[in-house]
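The values are calculated or read from the model by the stated rules, or taken from the named source; none is laboratory data. Remember, predicted model here, so these are calculated numbers, not experimental data. Backbone-built Cβ (ideal geometry, glycine too); neighbour counts: all protein chains shown.
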Amino acid sequence: MSREEKSYSEEYASYLERYELFGEDRPKLSPEEFDRLDDELLDLLVLDAEGEELTEDQEERYLELMYLLVAE
């Protein structure tokens, strides 16, 4: 593991592991892109957990984020 990899967040390091296993057809995210998209996904999960029904656009974005974050 390089010195740069050691500075990654635990969440990003986990993403990189999932990406190596399952992400061959997906774009590889930078740490900054990952953090931004992960925050967006968490916002959608909070809405859902609070009992708000996600709109069709939000549901579509949720699926897109899961795909990009290799979280399926």
Please go through (1) out of contact with any helix residue (DSSP H, G or I) (no Cβ under 8 Å at 6 or more places or on another chain); (2) acidic (Asp, Glu); (3) modelled with pLDDT of 95 or more for ASP35 and return the number of the only condition it doesn't satisfy. (1)
With LEU16, LEU29, LEU37 as the choices, which residue is touching a residue at least 40 places away in the same chain (Cβ under 8 Å) and surrounded by 14 or more Cβ atoms within 10 Å (Cβ to Cβ)? LEU29
Counted residues, the stretch 42-72 - those being within 15 Å of the chain's Cα centre (by Cα), surrounded by 12 or more Cβ atoms within 10 Å (Cβ to Cβ) and modelled with pLDDT under 95: 1
Inspect all residues belonging to the stretch 42-52 and state whether any of them is in a loop (DSSP other than H, G, I, E, B) and on the phi > 0 side of the Ramachandran plot. yes
Among the residues of the stretch 6-41, how many are assigned to a helix (DSSP H, G or I) and within 14 Å of the chain's Cα centre (by Cα)? 22
Would the stretch 56-71 turn up any residue that is in a helix (DSSP H, G or I), more than 17 Å from ALA13 (Cβ to Cβ) and touching an Asp or Glu at 6+ places or on another chain (Cβ under 7 Å)? yes
